[in-house]
Every structure is written in structure tokens, then in C-alpha cells.
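Notes for the one structure printed next.
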Amino acid sequence: MYFSMDCAVQTTQKEFLVNPAKFVREVKQESRKIIWPTRKEALVSVVMVLVLASVTSLFFVLVDGVIAWMVKAILGIGA
């Protein structure tokens, strides 16, 4: 059996296969509940992702350089 989040609707998988029109109606009802982000929210999110990706990449470049320097110092490679 399938239980929805509100536990008020109990639907078997067979009902979905028998009545696709009901399924489509329910999908449309749920899609009306979607709240899309505003342009400002989307822009802030994009900027945050770009900044954090840049900071993370810089961190890993620095860590890689330090590890490479340590390996060269310990093994004497490249001297």
C-alpha cells in the first residue's frame, strides 16, 4: 500500500495503474503548490555557489602545493 504524507489518502499501486487520469490530476494539484524562488533569491544562491566553489578550489590548490613541497623536501625529488 502507498501512504501519502498526510496519511489521509490510502492508494494501492493497482489504482495508479488503473486510473492514470487521477494520477495526472494529483500531479497537477501538487505542482500548483510549488513556490519558485524569486530572481533575487536565485541570484544570491548562484553567487554563493560560485564563491564557495572558488574558495574550495583555492584551498585544494594550496593544500596540493604544500603536500607537493613536503614530498619534494622529504624525498629530495626535483632538487
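The values are calculated or read from the model by the stated rules, or taken from the named source; none is laboratory data. These figures come from a predicted structure and were not determined experimentally. Positions of Cβ are backbone-derived with ideal geometry, glycine not excepted, and every protein chain shown enters the neighbour counts.
General remarks:
Residues checked against (1) assigned to a helix (DSSP H, G or I); (2) among the small types (Gly, Ala, Ser); (3) touching a residue at least 60 places away in the same chain (Cβ under 8 Å); (4) touching a Pro at 6+ places or on another chain (Cβ under 6 Å):
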residue	(1), (2), (3), (4)
28	yes, no, no, no
33	no, no, no, no
36	no, no, no, no
49	yes, no, no, no
53	yes, yes, no, no
65	yes, yes, no, no
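- Subset tally (residues that are out of contact with any Phe, Trp or Tyr (no Cβ under 8 Å at 6 or more places or on another chain), modelled with pLDDT under 95 and among the hydrophobic types (A, V, I, L, M, F, W, C)) for segment 23-51: 5
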